[in-house]
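Quick notes on the structure that follows.
Every number here is computed from the coordinates shown, using simple stated rules; none is lab data. A quick note: this is a predicted structure, and the numbers were derived from the prediction, not measured. So basically every Cβ, Gly included, is an ideal-geometry build from the backbone, and we count neighbours across all protein chains shown.
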Amino acid sequence: MAFTTSRAPFRFLVLLLSICSIAVAELEPRQSPSANAVNSPICQNYARVANLSTVALNATYRAAFLRSSSMGTFAARSILDVESPKLMGMMMDAQLNQQCGNLSQVALDGAAANLTQGTVLGLTILDAPGVVPDSPAMPIVQIAIFLLMGGTWLCL
């Protein structure tokens with residue numbers, strides 16, 4: 001009991017300091033670019049790079065885009081691979097982020113929302129080709145893989 005009462009002044013001091021720091025803290029306004037700034041070519045480029053890079057750097061989004069792209073895997077991959085290295089420089093450019101807003105976060109939120117709706121970069125996500133998990137061929141494939149791997153291990 002003595003341990004608890006000796007900590008009471010410390011708890012009060014921590015509570016008082018946290019209240020004071022909240023009252024003294026200076027809040028900065030959120031980035032809210034003007035409508036003219038968002039329509040500028042540099043902001044349009046930032047938005048394009050952010051959207052393509054978000055898809056390129058996330059394996060789920062990338063696979064869905066490559067599967068759904070009508071231009072083929074190699075052409076779609078090259079578009080994503082060209083744009084993704086540009087994102088980091090744009091994200092760290094304070095002047096660009098002040099002018100356009102944090103478009104990389106907007107792209108990330110938009111990609112997550114679109115994926116739940118079944119689209120990626122405006123394309124409807126197609127089903128993956130292959131063996132369906134509830135197909136009767138699945139156990140046969142699993143047994144074949146097991147025998148191949150297990151047989152190899154047993155032969156050693």
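Cβ-Cβ distance of N45 and D134, R₀ of 35 Å, FRET efficiency by 1/(1 + (r/R0)^6): the value works out to about 0.15.
A protection proxy built from the mean count of other Cβ atoms within 10 Å ranks the segments 115-123, 63-71, 139-147, 45-53, most packed first, as 45-53, 63-71, 115-123, 139-147.
For the range 96-140, there are no residues whose amide N sits under 15 Å from a probe point set 7 Å from the Cα of C155 along the beta carbon direction.
Using the Cβ-Cβ distance between Q95 and R67 with R0 set to 35 Å, the FRET efficiency works out to roughly 0.40. First select every other residue whose beta carbon is under 14 angstrom from the beta carbon of L121; then total the charges, Lys and Arg +1, Asp and Glu -1. Counting the neighbours of L121, the net charge comes to +3. Summary value for the range 49-156: 32 percent relative contact order, contacts being C-alpha pairs under 8 angstrom separated by 6+ residues.
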